[in-house]
Amino acid sequence: MQSSTRSAALSVAGIVTAAATVGLAIASSATMPGPSVAPAAARALSAAARPAAGAGRAGPGAPAARHRAAVTPGGIPLPDVGGRRMAGHGIVVSYPPGRAVPLPAVPASAYVIADATTGEVIAAKDPHGLFPPASTLKVLTAITMLPRLRPDQTVLATRRAASVEPNIVGLIPGHRYKVADLFRALLLISANDAAVALIQASGSFSKGIALINAEARHLQAYDVVARQPNGLPAPGQVVSAYDLALIARQALRMPAFMRYDRTLTARFPVTAHRSVWLANQNYLLTQYRGGLGGKIGWTTAAGATYIGMARRHGVTLIVTILHATPLTEITSAERLLDWGFAMDGHIRPVGVLVRPLPAPRRPARERHPGAPGATAARPAGPSGRGALAAAVAAGLCATGLAGLVMRGRRSSRAGAGSAASPAGVAASLTGGERAGAEGAGHPATADLAAGPPADQQAAGR
């Protein structure tokens with residue numbers, strides 16, 4: 001090969017290889033893992049949703065902590081989400097002219113009654129007051145993790161999950177458990193250990209908590225600050241009755257959640273030779289006409305908390321209760337639901353349940369190296385894959401062009417007179433994993449059906 005031809009070939013190869021190098025660098029940066037809630041706006045919202053310093057911690061006998069100047073991304077003050085009357089601290093209701101059935105007096109600091117179909121808030125009491133959630137937070141945990149985990153998938157129980165007190169179902173470190181069984185334990189008997197195991201299936205405890213808070217932002221439940229997936233006491237962890245109604249409305253839209261939540265009894269295999277009987281704690285399902293599901297909660301700090309859902313004559317109502325007298329929460333919910341069914345369509349709404357924000361593109365499910373046997377949602381990085389494919393193609397082009405130049409030179413010197421036609425090279429990158437999912441349920445062991453045992457009363461259910 002003459003030196004001029006060799007130089008031309010090397011120049012072409014060098015230029016295209018440089019392009020390939022740039023493409024690989026872009027691909028590397030595009031596929032670097034980032035935080036679960038990356039945008040600065042989301043971080044700012046999370047900080048804004050926390051109670052202001054000095055606002056006080058909500059608890060028995062203590063006023064609810066309140067938002068001050070925080071606003072939504074649309075510029076609405078957080079207490080006004082759902083309408084200006086939602087900022088009221090006391091009972092909020094618009095009785096029609098003439099005779100009206102008065103709201104029942106219930107021993108709770110906050111509640112919301114809303115029509116799940118229309119989103120109309122029929123009545124409320126301190127709807128945006130901030131209180132500890134207790135186990136009602138498990139509904140948010142469930143609707144966050146259901147789309148991310150397959151029901152037949154298994155999760156390895158960690159020491160952290162098994163050491164939660166009270167753990168309720170009794171996970172054993174190092175044992176593997178089916179996701180469907182964990183969801184049933186979470187929702188039927190309010191298993192605190194199952195909640196931790198489920199969010200750790202995202203890859204880590206911190207990533208799971210970030211996902212829960214991100215789901216709250218997606219629902220526009222800006223009052224929610226989640227620290228523990230099971231609702232056990234944690235500094236700064238709060239919800240509002242209004243936001244619990246948003247969460248309940250989303251749960252009603254998920255058939256998988258409702259199937260688990262309406263399960264009355266089940267068995268949980270703790271080991272290959274020992275299982276625990278689960279019986280649903282929420283007797284609204286069996287003792288209230290039209291009961292659909294819900295979740296009970298209780299801790300010393302939160303008092304009794306509750307989410308209830310019922311349907312009569314085509315009308316579906318949601319009731320949420322916070323900071324209630326223990327053992328009155330379901331009875332109070334039934335009375336509020338009775339009033340709601342009697343007045344629905346005859347009373348002017350006082351607010352509305354806002355709709356979720358547009359859903360971000362669901363990332364492909366990938367196996368997380370830090371969570372054996374569990375899948376984790378990880379950004380798919382389509383731009384990174386495109387850059388990688390371009391880099392590979394550029395590299396192939398560089399090799400092919402250089403070869404053609406050298407072959408053409410050799411052919412002309414030999415007088416062959418026929419040019420070689422290069423064969424096309426096809427490379428395809430395929431990805432993605434089965435999307436899909438199911439949910440989980442809401443069980444309770446038989447010995448919990450009559451109320452929390454003494455050894456659970458300090459830590460909560």
Seminar exercise, completed: Residues in the range 144-170 that are farther than 27 Å from Gln220 by Cα and in contact with a Ser or Thr (Cβ under 9 Å, 6 or more places away or on another chain) total 3
Exercise. Can you tell me which of Gly208, Gly293 is small (Gly, Ala, Ser), assigned by TED's automatic domain parsing to the domain that holds Val350 and touching a His at 6+ places or on another chain (Cβ under 9 Å)?
Worked result: Gly293
For this session: Identify, by number, the condition in (1) under 19 Å from Phe131 (Cα atoms); (2) more than 14 Å from the chain's Cα centre (by Cα) that Arg227 doesn't meet.
Result: (2)
For this session: Could you grab me the full set of residues in the range 210-243 that are free of Cβ contacts under 8 Å to residues at least 24 places away in the same chain and either among the charged types (D, E, K, R) or touching a Cys at 6+ places or on another chain (Cβ under 9 Å) (or both)?
Result: Arg227
Exercise. From the set of residues in the range 270-300 that are within 18 Å of Leu244 (Cα to Cα) and outside any strand (DSSP E or B), which is nearest to the chain's Cα centre (by Cα)?
Worked result: Asn282
For this session: Answer yes or no: is there a residue in the range 180-203 that is within 25 Å of Leu353 (Cβ to Cβ), under 16 Å from the mean Cα position of the chain (by Cα) and surrounded by fewer than 21 Cβ atoms within 10 Å (Cβ to Cβ).
Result: no
Exercise. Between residues in the range 339-367 that are more than 16 Å from Lys125 (Cα to Cα) and surrounded by 11 or more Cβ atoms within 10 Å (Cβ to Cβ) and residues that are charged (D, E, K, R) and modelled with pLDDT of 90 or more, which pairs lie under 7 Å by C-beta distance while being six or more apart or on different chains?
Worked result: Phe341/Arg312; Asp344/Asp115; Arg365/Arg148
Exercise. Can you pull out the residues in the range 305-316 that are surrounded by fewer than 24 Cβ atoms within 10 Å (Cβ to Cβ) and either assigned to a strand (DSSP E or B) or polar (S, T, N, Q) (or both)?
Worked result: Arg311, Arg312, Val315, Thr316
Exercise. Does Ala69 satisfy the criteria of being at pLDDT 95 or above, surrounded by fewer than 21 Cβ atoms within 10 Å (Cβ to Cβ) and more than 30 Å from Phe257 (Cα to Cα)?
Worked result: no
Exercise. Among Ala251, Ala245, which is of a type in the set (A, V, I, L, M), in contact with a helix residue (DSSP H, G or I) (Cβ under 6 Å, 6 or more places away or on another chain) and part of a helix (DSSP H, G or I)?
Worked result: Ala251
For this session: Being surrounded by 20 or more Cβ atoms within 10 Å (Cβ to Cβ), among the small types (Gly, Ala, Ser) and free of Cβ contacts under 8 Å to residues at least 60 places away in the same chain is the filter here, so list the residues in the range 272-293 that pass it.
Result: Gly291
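The values are calculated or read from the model by the stated rules, or taken from the named source; none is laboratory data. As the structure is a prediction and not an experimental result, all values here were calculated from the model. When we count neighbours, we look across all protein chains shown, and the Cβ atoms used for this are built from the backbone with ideal geometry, even at glycine.
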